[in-house]
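See below for the structure under consideration.
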Amino acid sequence: QVTCVEVVEAYVERIKEVNPLINAVVKDRFEEALQEAQQVDKLLSEGPGDDYLEEKFPLLGVPITVKEAFSLYGMPNTSGLVNRRNVIATSDATVVSRLKQAGAIPLGVTNCSELCMWYESSNRVYGRTNNPYDLQRIVGGSSGGEGSVLAAACSVIGVGSDIGGSIRMPAFFNGVFGHKPTTGVVPNDGQFPNAHGVRTSFLCTGPMCRYAEDLEPVLRVMAGPGVSKLKLNEKVSLEKIKFHCMDHDGGSIFVSPVDKEILQAQKKVVEHLESDLGVQVQRVAIHKMKYSFQIWSAMMSSKDSEGQEAQRFTDLLGDHGKPVWPLWELMKWLVGMSSHTLPAIALGLTEKLVNLNVSGKAKLVSMGKSLQEEMEALLGPDGVLLYPSHPTIAPKHHSPICMPFNFAYTAIFNVLGLPVTQCPLGLGSEGLPLGIQLVAAAYNDHLTLAVAQYLEKAFGGWVLPGKV
């Protein structure tokens, strides 16, 4: 009914209209995108047949955006680090290349936090990204530009990455869908910083979308030959899923209590599943979840099976240049002279403390391994856990620095290697998105994706900002 050029033009216009407010797209490629759209229209007019095109180019002509931490040919690839401000990608990251080969058209790259290690997307290269539902609120991180751009209806699909919740927190704060796949299926190549050592088991690349049904086709393209491991062709019978529900982490001293509205939304999900599907949702209390932050932190800084040390954040901050001294950077920051953000400096300072308590760290790593076994046993081949995405709805700008460990609600599932779909549940009393995490055992991504589609129909999914 419409040409590809018309579709791309509509999205370009939308970005031009709202990006001055949200600052999500940090570099566009509108001219190239329109040329690519013309080629798509030409291909369609030549008519090699819809079936052929659908098989060869499942995402033909679909506008997408890409987190700036991923290489997209001709676009900057700084990850918000000032001393990389002149770095331009000379190739595509593997997932970006696969999406382009499937026919998708990138419109540009979106903002992230400095070095992708904080849950507010703000840096000294591009500034701060704002939440479309309330410009005074954060978009989450590190794939915050993607969350914002999708919520504001400026893109159809986003490419995100997640080592502590970097897909799921932005999806939650911005009321869109995000999927952290089972570890080790979607390639992470071509992003900066990439994971090394033990962290290669925790970093995941995945799709972010406004509509639940788009997650699966995008995930198929991203996963490439590895897709068969994710059982996406298996039909899911929702009535046969064993649902489990956990309201909070058990009361960690490092993390805020869960907001009443988030608990209320989760309760409504439980009631709906029980009344509509006739299932019994099992309440669980997994004691070790109380130590989520400590477990994530210890496992992130542990050695891999070959004894290789985890890469130090301070080395990444220097990016092959002069070493960065966090205490000196803090002094500079206090007088407005540092080229780094305060969260990055703080992370550099705390990194040293984590490595001081060697025996404590070993205990936490072992606790993480036993939690993983407990989770796999609980969920089994047909289980889905409902768990809060974050203790609070989208906080105001800068406030995460006061509660820096609230990301533990998402981070724990990175070190456990489990697939998680972030699902929106409409807007709360302040007009800000609510949502929930859907968790399954490894390689059961098909279960969480099916439940997300079901909950989208029941609770309405994405809501256009400014509509209410």
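Brief remarks follow.
- The length gained on full extension between TYR211 and VAL284, counted as 0.36 nm times the residue separation minus their Cα-Cα distance, comes to 23.3 nm.
- Rolling a 1.4 Å probe over the protein heavy atoms gives region 162-215 an accessible area of 20 Å² per residue.
- Calculated on the Cα set of the chain, radius of gyration then Dmax: 21.1, 67 Å.
- LYS16 sits among other residues whose Cβ lies under 12 Å from its own Cβ, and their net charge, with Lys and Arg +1 and Asp and Glu -1, is -3.
- Measuring r between the beta carbons of ARG124 and MET403 and using R0 = 25 Å, the FRET efficiency lands at 0.65.
- Subtracting the Cα-Cα distance of GLU6 and PHE254 from 0.36 nm times their residue separation leaves 84.3 nm of extension gain.
- Cα-Cα over 30 Å, subset of LYS229/LYS303; LYS27/LYS290; LYS180/LYS267; LYS27/LYS361; LYS231/LYS363: LYS27/LYS290; LYS27/LYS361; LYS231/LYS363
- Which of ASP189, ASP162, ASP50 is most accessible, then next, and so on - probe 1.4 Å: ASP50, ASP189, ASP162
- Accessible area, probe 1.4 Å, largest first, for residues MET331, MET246: MET331, MET246
- Contour excess over end-to-end distance, with Cα ends at SER370 and TRP325 and 0.36 nm allotted per residue: 12.6 nm
- Only aspartates and glutamates eight or more places from LYS240 in sequence, or on another chain, were considered; those with a Cα closer than 15 Å are GLU274, ASP276, ASP382.
- For VAL281, net neighbour charge (Lys/Arg +1, Asp/Glu -1) across residues whose Cβ lies under 15 Å away: -1
- R0 of 45 Å, Cβ-Cβ distance LEU277-MET337: FRET efficiency to nearest 0.05: 0.15
- Taking amide hydrogens as placed 1.01 Å from N in the peptide plane, the amide H of SER121 sits under 5 Å from those of THR129, VAL139, GLY140, each at least 5 positions away in sequence or on another chain.
- From the alpha carbon centroid of region 167-215 to that of region 382-404 is 17 Å.
- Reachable lysines, given that their alpha-carbon falls under 19 Å from the alpha-carbon of LYS268 and they are not under 8 places away in the same chain: LYS242, LYS260, LYS457
- When CYS402, CYS245 are compared by accessible area at a 1.4 angstrom probe, the order from most to least is CYS402, CYS245.
- In units of the compact-protein estimate 2.2 N^0.38 Å, region 414-456 shows a Cα radius of gyration of 1.31.
- Annotation: lysines with alpha-carbon distance below 19 angstrom to LYS332 (same-chain offsets under eight excluded): LYS322.
- Of the accessible area of region 355-468, computed with a 1.4 Å probe over protein heavy atoms only, carbon and sulfur atoms account for 62 percent.
- Sum of side-chain charges, GLY49 neighbourhood, beta-carbon under 14 Å (Lys, Arg +1; Asp, Glu -1): -4
- Per residue, the solvent-accessible area of region 1-117 (1.4 Å probe, heavy atoms of protein chains only, all protein chains present) comes to 47 Å².
The values are calculated or read from the model by the stated rules, or taken from the named source; none is laboratory data. The structure displayed is predicted, hence computed values, not measured ones. Cβ atoms come from the backbone with ideal geometry, glycine included; neighbour counts cover every protein chain shown. The area values use the complete protein model at the heavy-atom level, side chains included, leaving out ligands, DNA and RNA. Shrake-Rupley method; radii C 1.70, N 1.55, O 1.52, S 1.80 Å.
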